[in-house]
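Peer 1: Here it is, the structure in full.
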Amino acid sequence: MDRNLLLYNSLKRTKQLFKPLHEGHVGMYVCGPTVYGDAHLGHARPAITFDILFRYLKHLGYKVRYVRNITDVGHLEHDADSGEDKIAKKARLEQLEPMEVVQLYLNRYHHDMEALNVLPPSIEPHASGHIIEQIEYIKKILDAGYAYESEGSVYFDVEKYNRDHKYGILSGRNIEDMLNTTRALDGQEEKRNPLDFALWKKASPEHIMHWPSPWSEGFPGWHLECSTMGEKYLGETFDIHGGGLDLMFPHHECEIAQSVAAQGHPAVNYWIHNNMITIEGKKMGKSYNNFITLEQFFNGDHPLLTQAYSPMVIRFFILQAQYRSTVDFSNEALQAAEKALQKMLDIYRRLQNLTPAEKSTVELPDFMTQAYEAMDDDLNTPMVIAVLFEAGKIINSAFDGNVKLSAGDIEKLRKLFDTFLIDLLGMKVGSEEGASNMKPFEGAVDLLMDIRKNAKEQKDWATSDLIRDQLAALGFNVKDTKQGVEWSLK
Ligand code: ZN
């Protein structure tokens, strides 16, 4: 197996290097959330990263089947193989059915993703809905000799697998080093080796989520669901598998081992990992007291937040970094993102209101090609944003009357912003509505502005003030400038 091929570097120069297995079609699998709590920034980054890739591949003309799973069983408290099931624990604490917990947090997750303008995947399969398939997958691994049964549980034999294939190929870890650094956990004597991971776990009497199997009444190991559902919906080999960098080891490494053991070959052609998010330089986690949910970002209700941040500010902030670099959240950084986004939206709005001249007095650089090149350069979203701001300088200058733009050039710029800002970066214009729905709404506000202008000309201050004040009460900023009236949503 060529490690370079695996090493998720293939999106560098997307169009040149990316070769889908089936012409015109792309299969993409991304590890989704374990739904036992509110979504936080750690959920937002992979969702947004792969949303950009999903949008771009579709834009390039591929038919994309995007599978993002829901982990609703087998994600345990301590590590992959021990402790209480996280969902069962939450159900016990909140006195709910486990599936009630799953539905509750899945609904909230969907709500947050919609706010972030993350497109829904093509298929969102639940691990608990694929127990039979997972049992069949375990049988294949057992038949191939890379798993063993022990006390009603089934474990993957990492040492044996490593003798025939290489374990650790994706993360570049060396199994000998790992053997020296892993300690045996209490109560895990069932395993031959501490590195072995559970494919099936026998349920202890207090474990409430369990299913019958040839080995015991129990439940599947966490790593198994992605191999199984990936194969079921995308085939034995598929194009792209994504997730957060924290999943590369052991989760994705185990997935590779499972598919090579069961199928005789790896399932995934290109691995892509987004980097992690820190909060004021620290890893995000309950123990650091810096665990901020998306909902708290949206309403500002957390001691670390000095204000609320709209979902689009969070999205824009994440896109200001390339997906492989780390992102550090702070109030200052978010406020800077908020300002930058406001500038970008002002540019977009001014672009809609430019009056064309007979001839342009500036030569437009080929912004479109520059923006495509940035997307092809491993989804370089900060570069796309920089190109849009460059174009914005010309738009602002035309709006101020310093340069003139022809109808053709204005059209080019509108296409640039509609393609990259709206369709590919997925920014919503206005607080709730997408750009396509904005036109009648903008027209209505412009009409009010015209009525106000007439009122002012006739010195009807009462009507003029009434319109301004009522719009302000509805959340609009109305500004009188030298060029006329400018309005925006607060
Ligand atoms: Zn997964």
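Peer 1: For the chain, with equal point scatterers placed on the C-alpha atoms only and solvent neglected, what are the log10 I(q)/I(0) values from the Debye formula at q = 0.13, 0.14 1/Å, to two decimals?
Peer 2: -1.24, -1.39
Peer 1: Give me the percent of DSSP beta bridges within the chain that run antiparallel, rounded to the nearest 5.
Peer 2: 50 percent
Peer 1: What is the distance in Å between the Cα centres of segment 259-285 and segment 196-251?
Peer 2: Using only Cα atoms, the two centres lie 15 Å from each other.
Peer 1: Provide the per-residue ³J(HN,Hα) series for segment 399-406, in order, calculated from phi with Karplus coefficients 6.51, -1.76, 1.60 and θ = phi - 60°, each as a whole number of Hz, with x at glycine and proline positions.
Peer 2: Taking θ as phi minus 60°, the curve returns 5, 7, x, 7, 10, 10, 10, 6 Hz for segment 399-406.
Peer 1: Sticking with this one: At 1.4 Å probe size, with every protein chain present, just tell me what the per residue accessible area of segment 187-294 comes to in Å².
Peer 2: 38 Å²
Peer 1: Carbon and sulfur: what percent of segment 296-342's accessible surface (1.4 Å probe)?
Peer 2: Carbon and sulfur atoms account for 53 percent of the accessible area of segment 296-342.
Peer 1: For Phe197, list long-range residues whose amide hydrogen, built 1.01 Å from N in the peptide plane, is under 5 Å from its own amide hydrogen.
Peer 2: Under 5 Å from the amide H of Phe197 lie the amide H atoms of Phe156, Val158, each far enough along the sequence or on another chain.
Peer 1: Over every pair of different alpha-carbon atoms in segment 331-398, take the mean of 1/r and invert it; report that Kirkwood radius in Å.
Peer 2: 13.4 Å
Peer 1: Let me ask another. Pull up all non-local amide H partners of Glu84: gap of 5 or more, or a different chain, and H-to-H distance under 5 Å with H placed in the peptide plane.
Peer 2: Close amide H contacts, sequence-distant or interchain: Glu77, His78.
Peer 1: List the residues, sorted by chain then number, that are 5 or more residues from Ala357 or on another chain and whose placed amide H is less than 5 Å from its amide H.
Peer 2: Amide H to amide H, under 5 Å and 5 or more residues apart or across chains, Ala357 pairs with Leu405, Ser406, Ala407.
Peer 1: Given q = 0.10, 0.13, 0.23 Å⁻¹, what are the Debye log10 I(q)/I(0) values for segment 178-263, with equal point scatterers placed on the Cα positions and solvent ignored?
Peer 2: -0.32, -0.54, -1.26
Peer 1: Give a residue-ordered list of calculated ³J(HN,Hα) values for segment 268-280 (Karplus: 6.51 cos²θ - 1.76 cosθ + 1.60, θ = phi - 60°; whole Hz; x for Gly, Pro).
Peer 2: 10, 8, 10, 9, 10, 10, 8, 6, 8, 10, 10, 10, 6
Peer 1: If we sort 444-456, 234-246 on the protection proxy, mean other Cβ atoms within 10 Å, highest first, what's the order?
Peer 2: Descending packing order for the listed peptides: 234-246, 444-456.
Peer 1: Next question. What does the highest-first list of 46-58, 107-119 look like by mean Cβ count within 10 Å? Walk me through the intermediate numbers first.
Peer 2: On the way: 46-58: 22.7, 107-119: 17.8.
In decreasing order of mean packing, 46-58, 107-119 become 46-58, 107-119.
Peer 1: Please list 3J(HN,Hα) in residue order for segment 105-119, calculated via the Karplus relation 6.51 cos²θ - 1.76 cosθ + 1.60 where θ = phi - 60°; whole Hz, with x for glycine and proline.
Peer 2: 7, 5, 4, 5, 4, 4, 4, 5, 5, 5, 4, 7, 6, 8, 5
Peer 1: Turning to a different aspect of this structure: I'd like the orientation of helix 222-234 relative to the chain: the angle between its Cα long axis and the longest Cα principal axis, in ° from 0 to 90, rounded to 10.
Peer 2: Relative to the chain, helix 222-234 is tipped by roughly 70 degrees.
The values are calculated or read from the model by the stated rules, or taken from the named source; none is laboratory data. Being a predicted model, the structure only gives us computed values, none of them experimental. Cβ coordinates were reconstructed from backbone atoms using ideal geometry, including for glycine residues, and neighbour counts include every protein chain displayed. Each accessible area value is taken on the protein alone, full model and side chains, heavy atoms only, with ligands, DNA and RNA left out. Shrake-Rupley method; radii C 1.70, N 1.55, O 1.52, S 1.80 Å.
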